[in-house]
Amino acid sequence: MDYEEYQTKVIMLDNTIKNITSKMIDTIHKDIIKNKELLSKLIIDTDFDFISLDDHLLDRKTDQLAIELFRYGQEVIYYSALESDIVYFQNTSYDVEVSQLVSDELLVKMFETKDVFKKVHHVTGISGILEKNLNFKRTIIEDLSH
């Protein structure tokens with residue numbers, strides 16, 4: 001195979017990847033539109049525990065109305081109810097955290113790993129976090145009963 005043949009094939013593969021991940025992003029955006037009010041309520045409800053797919057407590061920024069979705073490298077990526085979108089936080093020179101939107105172009109890259117999409121959909125799709133919360137509480141009761 002020469003470089004020109006490679007270029008022809010890789011462009012087609014890249015376009016296919018972009019089409020698939022773009023559909024995943026559309027699903028997340030639809031989730032957010034449909035569930036933004038409930039997500040906002042759950043974020044400020046201190047009795048509700050956001051449990052990840054792998055059973056750890058997700059970070060919550062109640063003052064910023066944000067809940068952790070996943071980690072990407074060193075960055076923690078959140079759903080922000082204030083922005084109704086996916087964000088990360090940066091500290092300003094005044095030591096204040098400011099949210100920055102994650103662009104759809106970057107989400108396309110992030111969603112190349114299907115686990116990332118599953119983690120986001122687990123929160124934005126609502127049913128996953130509701131089920132995990134119930135299971136978490138059942139486990140607490142089971143542990144306390146023995």
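The values are calculated or read from the model by the stated rules, or taken from the named source; none is laboratory data. Please read these numbers as outputs of a predicted model, since none were measured by experiment. Heads up, the Cβs are rebuilt from the backbone with ideal geometry, glycines too, and the neighbour counts pull from every protein chain shown. For the accessible areas, the whole protein counts, side chains as well, though only heavy atoms, and no ligand, DNA or RNA atoms are used. Shrake-Rupley method; radii C 1.70, N 1.55, O 1.52, S 1.80 Å.
With respect to Ile129, is the statement that it is at pLDDT 90 or above, in contact with a His (Cβ under 8 Å, 6 or more places away or on another chain) and either open to solvent by 90 Å² or more (accessible area, probe 1.4 Å) or within 25 Å of Asp63 (Cα to Cα) (or both) true?
So Ile129 passes the test.
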Could you check segment 45-57 and list, in sequence order, the residues that are hydroxyl-bearing (Ser, Thr, Tyr) and buried (at least 17 other Cβ atoms within 10 Å of the Cβ)?
Ser52
Go through the residues of segment 122-145 one by one and say whether even a single one is farther than 19 Å from Lys41 by Cβ, outside any helix (DSSP H, G or I) and over 10 Å from the mean Cα position of the chain (by Cα).
no
Any chance segment 93-108 includes a residue that's farther than 19 Å from His121 by Cα and in contact (Cβ under 8 Å) with a residue 24 or more places away in the chain?
yes
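Within segment 52-80, which residues are in contact (Cβ under 8 Å) with a residue 12 or more places away in the chain and part of a loop (DSSP other than H, G, I, E, B)? It would help to see each step written out before you state the result.
Initial filter on segment 52-80 (in contact (Cβ under 8 Å) with a residue 12 or more places away in the chain): 52-53, 55, 58-62, 64-70, 72, 75-80.
Result: Ser52, Leu53, Asp55, Leu58, Asp59, Leu65.
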Output for segment 1-44, where each listed residue is of a type in the set (Asp, Glu), assigned to a helix (DSSP H, G or I) and exposed (fewer than 11 other Cβ atoms within 10 Å of the Cβ)
Glu4, Glu5, Asp14, Glu37
Residues of segment 58-79 satisfying the condition of being touching a Leu at 6+ places or on another chain (Cβ under 6 Å) and open to solvent by 20 Å² or more (accessible area, probe 1.4 Å)
Leu65
Tally of residues being open to solvent by 70 Å² or more (accessible area, probe 1.4 Å), within 14 Å of the chain's Cα centre (by Cα) and under 16 Å from Asn35 (Cβ atoms) across segment 80-120:
2
